[in-house]
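The structure appears right after this line, and notes come after that.
The values are calculated or read from the model by the stated rules, or taken from the named source; none is laboratory data. No experiment lies behind these values; they were computed from the predicted model shown. Cβ atoms come from the backbone with ideal geometry, glycine included; neighbour counts cover every protein chain shown. Ligands, DNA and RNA are excluded from the accessible area calculation, which covers all protein heavy atoms including side chains. Shrake-Rupley method; radii C 1.70, N 1.55, O 1.52, S 1.80 Å.
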Amino acid sequence: DRAVIISEKEAYGYLSVLAVVLKTNNASPWTNEFDKVELSCVIESISTINPRIEWKKITSGGPSYVYFDKKIYGDLENRAVIREPATLLITNATRSDTAKYRCEVTAAEDQKAFDEILIDLVVRVKPVVPKCSVPKSVPLGKSAELSCVEEEGFPKSRYQWFKNMEEIPDDPKTSVKFFNSSYTLSTETGTLKFISVRKEDAGEYYCRAKNDAGHTQCAPQKMEVYDIDIVGIILGVLVVVVVLLCITVGICCAYKQGYFSSQQQTGNNYKVPAKGDGVDYVRTEDEGDFRHKSSFVI
């Protein structure tokens, strides 16, 4: 029995030498933008002296060569090198490098002549300063919405809101200080909505966008809460109504007194004298004045 076991081990060792086998130290590496990252491809066993080594980038448009015929191609041409025998080192990673990469080794002299491994690379991008919108003033008891947007970070940013330098909890009921506040906060969309604003909600607000690569925040903005003076508004409306009534009455009186008459007499108005019986008035074309002639009625 012992002799059989030994022969099996020897046979397994013989077969392993005739097969190319790859492994990786990290199948899901990550790095921050502009840092370096290593895509590990280790040849665990091989008998072929000069195997063909290739790297391909797998995207939605299909695979494209990164390393072929001992040369770096594409976007990584000046930003990557091969560490012998098959590891790919990216020296200056960018967000566009986020993708799946495939290391392929072909060994013509091995019984198992081909092997490959797939590596999923993530390049994290720190968020930029988010765009924050905070209303300057809100009526007491009314609703209010504060928004925060950041679209450059990768992975996608999550959001925190702060009031007077203190973080606002997702749920107001979990904090003694915010227990009486009525709001909803979304860490995914960055929206802070007050259902009914209280005087205590006045203060300076700012938002922070964060992901695995870091965080940034906008400048604080002040939100004021003011009372609505119902009595003052009613009195103001009454005053306006009274003034309009007075103006209307005054205009009517002025019309009755004739102050707006458009037919005023002047001393230069000329009235044609009444035509007397038995007299005809004739205007000559040359002189332009009036002459009359008498006619006798028999």
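Could you please give the count of residues in segment 47-89 that are aliphatic (A, V, I, L, M), over 23 Å from residue 126 (Cβ atoms) and assigned to a strand (DSSP E or B)? The total comes to 7. Checking each residue in segment 168-179 for being open to solvent by 60 Å² or more (accessible area, probe 1.4 Å) and assigned to a helix (DSSP H, G or I) picks out 173, 174. Of note, residue 196 satisfies the criterion of being out of contact with any helix residue (DSSP H, G or I) (no Cβ under 9 Å at 6 or more places or on another chain) and touching a residue at least 24 places away in the same chain (Cβ under 8 Å). Summed over segment 228-257, the residues that are under 30 Å from residue 143 (Cα atoms) and either open to solvent by less than 80 Å² (accessible area, probe 1.4 Å) or at pLDDT below 75 (or both) give a count of 9.
Residues checked against (1) closer than 16 Å to residue 102 by Cα; (2) of a type outside the set (Ser, Thr, Tyr); (3) open to solvent by 40 Å² or more (accessible area, probe 1.4 Å); (4) in contact (Cβ under 8 Å) with a residue 40 or more places away in the chain:
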{"site": "33", "(1), (2), (3), (4)": "no, yes, no, yes"}
{"site": "39", "(1), (2), (3), (4)": "yes, yes, no, yes"}
{"site": "44", "(1), (2), (3), (4)": "no, yes, yes, no"}
{"site": "62", "(1), (2), (3), (4)": "yes, yes, no, no"}
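For residue 121, the requirement of being farther than 28 Å from residue 215 by Cα and either open to solvent by less than 50 Å² (accessible area, probe 1.4 Å) or in contact with a helix residue (DSSP H, G or I) (Cβ under 8 Å, 6 or more places away or on another chain) (or both) is not met. Within segment 180-193, residues that are open to solvent by less than 80 Å² (accessible area, probe 1.4 Å) have Cβ atoms under 6 Å from residues that are of a type in the set (Val, Ile, Thr) and assigned to a loop (DSSP other than H, G, I, E, B) in these pairs: 182/195, counting only partners at least 6 apart in sequence or on another chain.
Yes/no matrix, rows are residues, columns are (1) under 26 Å from residue 130 (Cα atoms); (2) in contact with a strand residue (DSSP E or B) (Cβ under 8 Å, 6 or more places away or on another chain):
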position	(1), (2)
178	yes, no
187	yes, yes
202	yes, yes
206	yes, yes
218	yes, yes
238	no, no
249	no, no
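Among the residues of segment 85-99, some residue qualifies, meaning at least one is of a type in the set (Lys, Arg), farther than 17 Å from residue 41 by Cβ and open to solvent by 50 Å² or more (accessible area, probe 1.4 Å).
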